[in-house]
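These notes concern the structure reproduced below.
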Amino acid sequence: MERYGLKYDNQGNLRTAVPYRGTRLLRHPMYTKGTAYSHEERMALGLEGLLPHAVSTQDQQSRRVYANISRKKDPLEKYIGLAALQDRNEYLFYRVLIGHIQEFLPIVYTPTVGQACQEFSHIFRRARGIWITPEHRGRIYEVLGNAPFDDVRLIVVTDNERILGLGDQGAGGMGIPIGKLALYTAAAGIPPWLTLPISLDVGTDNQNLLSDDLYLGWRAPRLRGPEYDSLVDEFVHAVQRRFPRALLQWEDFKKTNAFRLLDRYQKVITSFNDDIQGTSAVAVAGLIAGSRATGIPLREQRIVVLGAGAAGIGIVRLVRDTLKREGLSGEALIRATANLDSHGLLVDDEPIADVHKRDFAWPAELAAKMGLGKGQPRDLLAVVRALHPTMLIGTSGEPGTFTEAIIREMAKHVERPLVFPMSNPTSKCEATPENVLLWTEGRALVATGSPFEPVHMGGRVHVIGQGNNVYVFPAMGLGALVSEAREVTTSMFAAAARRLAENVHTGELEVGSLFPPASRIREVTASVAEAVVKEALVAGVARRHLEDKDIPAAVAQAMWSPDYLMEDPAPIEAGDTSAFAHMGAHFD
Ligand SMILES: O=C([O-])CC(=O)C(=O)O
Ligand SMILES: [Mg+2]
């Protein structure tokens, strides 16, 4: 009998097809249970004598591994230790990651993953995912066929050009898709054998990498223009053919390509751009939670965004969309958000080559009326002075750009300023939470892209929420898979933002945090995914019909937990590719 791809025997027991025996089985990261094999299993699977005598529970294994990782003091060493665990035993890796998510999120993800990308060619152990270079042109479909699993449902792909705020990292950027997918599994319970990290290694313009003899990537300047476009086009179509049910997440592409590819393929393949759309949903969630905390309604908020890259523009777009739904229109809608690039406020009295920036440039008359006309200062301090923003967001990748003068100026005009230095990793943050709180006498509500410790000030503890797309992309992917969405709509991101904000407890707001703690990420992700499914149905993009009341169960059922399931060693069917289907998450 087979149900949801799960195999049962005639007695109704789950059967597990194990295609290997002996050492091969023991060394296979997706099958092995290591010291957790029972004596019966060891006998049946040719493992006798290959393991020390005692049988550990998964909990004992996880305590052992955790203690070993804890011995390492350097975050990059911990990263290497966790990656090695992932390569040995994926179940145990996820058990440990989920069990210590607050502690290990900053290791497998921002900020340490940034360092791992920078040092990729020097710390390399074992390859993971698929690498596509221009040499694969014409054969990308075949190359994708070398992926370790056949039924891929979730792909995170990068071309490595804008890795966090660290710029072009060449082949090292692969750390990001790997880290993001680890969170898809840890936070959203997407089974790891349904995921695939991909690097489009089209070269690098990072001279340090090109001149490093240990560099592991395709050693050439970046492919650009029509050659780049045609390679990406072949890639997208190859994914569609090879993995027809996969959702594609574009990650850490530089702005122009990020927007172009999103616009071009959004309706061709189920896909979204995490930096443009995921980050925008997180910012809007922070705005909504901030409104709850300060009592200032959304339509009275004034939002200034420093940074006009993929994240900055994406944020202004979704914020404006949100305020429009709140009933703002005309000039009120335009002046509610102001966007600055490195030259200052975007105003249409200057030629703006970049179409995406042009969309959000202020009209000249409005700028002049606000004292920000042509020839007048339009830097961040001048803008804050003129507009009295209630919320200040940084996605500039420029550390220290939220200066004391700017934050103090902002705090003169609002009781509880919302200050979001969102640039990643930590070294790129526009201001430290401690400084922002110091300069505002503890009045600011601060959220950062990278994690920060709580700040103790004036006898109070200020918890710093992490305004990072990690609260959105796993839920978006899970929701899209559960609803079998053919398209990921802006309204799904808006729904995710609202639901995320609702998930912040009053007690969390009271200690200054506008986001839930990482320790609650799994429950929050499930809740946000439910909202995504619901919106996919409303928007008419869901291919699966679900009644509202059935959504929570459908989401819960799709979430895999890393419990070993091979209690009943089944007859061995060599090469049985459905072997992974037994592992528990229910995707049809
Ligand atoms: O990876 C992160 O922490 C958030 C993100 O997408 C980025 O900064 O590009
Ligand atoms: Mg990113």
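The values are calculated or read from the model by the stated rules, or taken from the named source; none is laboratory data. Since we're looking at a predicted model, the values are computed, not measured. Note that we place each Cβ from the backbone using ideal geometry, even for glycine, and neighbour counts take in every protein chain shown. The area values use the complete protein model at the heavy-atom level, side chains included, leaving out ligands, DNA and RNA. Shrake-Rupley method; radii C 1.70, N 1.55, O 1.52, S 1.80 Å.
A few remarks follow.
- Distance between the range 269-335 and the range 21-58 - C-alpha centres, whole angstrom: 52
- Working note: Karplus 6.51/-1.76/1.60 with θ = phi - 60° gives the range 285-291 the couplings 4, x, 5, 5, 5, x, 5 Hz, where Gly and Pro are set to x.
- For the range 237-254, putting each phi into the Karplus relation 6.51 cos²θ - 1.76 cosθ + 1.60 with θ = phi - 60° gives couplings of 6, 5, 4, 4, 6, 6, 10, x, 9, 7, 9, 10, 10, 7, 9, 6, 8, 6 Hz, in residue order, rounded to whole numbers and with x for Gly and Pro.
- Residues whose placed amide H lies under 5 Å from that of ASP348, excluding near-sequence neighbours: TRP362, ALA364
- Percent carbon-and-sulfur accessible area, the range 122-253, ignoring ligands, DNA and RNA, probe 1.4 Å: 50
- Cα-based reach from LYS254 at 16 Å (exclusive), listing lysines while leaving out same-chain residues under 8 positions away: LYS357
- Selection of GluC sites (Glu not before Pro), the range 65-111, meeting DSSP coil and at most 16 other Cβ within 10 Å: none
- Summed side-chain charge close to ILE176 - residues other than ILE176 whose Cβ falls under 9 Å, Lys, Arg +1, Asp, Glu -1: -1
- Projected area, mean over directions - the chain, Cα convex hull, nm²: 27.8
- Neighbour cut-off at most 14 other Cβ (10 Å), DSSP loop, GluC sites (Glu not before Pro), the range 417-456: GLU441
- Nonlocal amide H pairs with ALA447, under 5 Å, H built at 1.01 Å: VAL419, PHE420
- Cα pair distances in the range 440-515, grouped into 10 Å bins until the bin that holds the longest one, percent each: 17, 41, 25, 13, 4, 0
- Nitroxide proxy distance, nm - points 7 Å out along Cα→Cβ at ALA67 and VAL55: 2.2
- Cross-link reach list, lysines versus LYS72, counting only Cα pairs under 30 Å and skipping chain neighbours closer than eight places: LYS33, LYS180, LYS428
- Phi to ³J(HN,Hα) by Karplus 6.51 cos²θ - 1.76 cosθ + 1.60 over the range 450-462, Hz, x for Gly, Pro: 9, x, 10, 5, x, 9, 9, 8, x, x, 10, 9, 9
- Cα gyration tensor shape for the range 218-376, rounded if a/c is under 1.5, else prolate or oblate: oblate
- Highest mean packing first, where packing is the average number of other Cβ atoms within 10 Å per residue, the peptides 51-59, 283-291 line up as 283-291, 51-59.
- Of the residues HIS122, HIS545, HIS100, ranked by 1.4 Å probe accessible area with the largest first, the sequence reads HIS545, HIS122, HIS100.
- In a fully extended conformation the segment linking ASN208 and PHE149 would gain 17.8 nm over its present Cα-Cα distance, using 0.36 nm per residue.
- In the context of the full set of protein chains, residues of the chain present 39 Å² of accessible surface per residue (probe radius 1.4 Å, heavy atoms only).
- Computed over the Cα atoms of the range 122-253, pair by distinct pair, the Kirkwood hydrodynamic radius stands at 15.0 angstrom.
- With at most 12 other Cβ atoms within 10 Å, longest stretch of the chain clear of loop trypsin sites (Lys or Arg not before Pro) (DSSP): 375-542
- Distance between the range 131-155 and the range 437-505 - C-alpha centres, whole angstrom: 33
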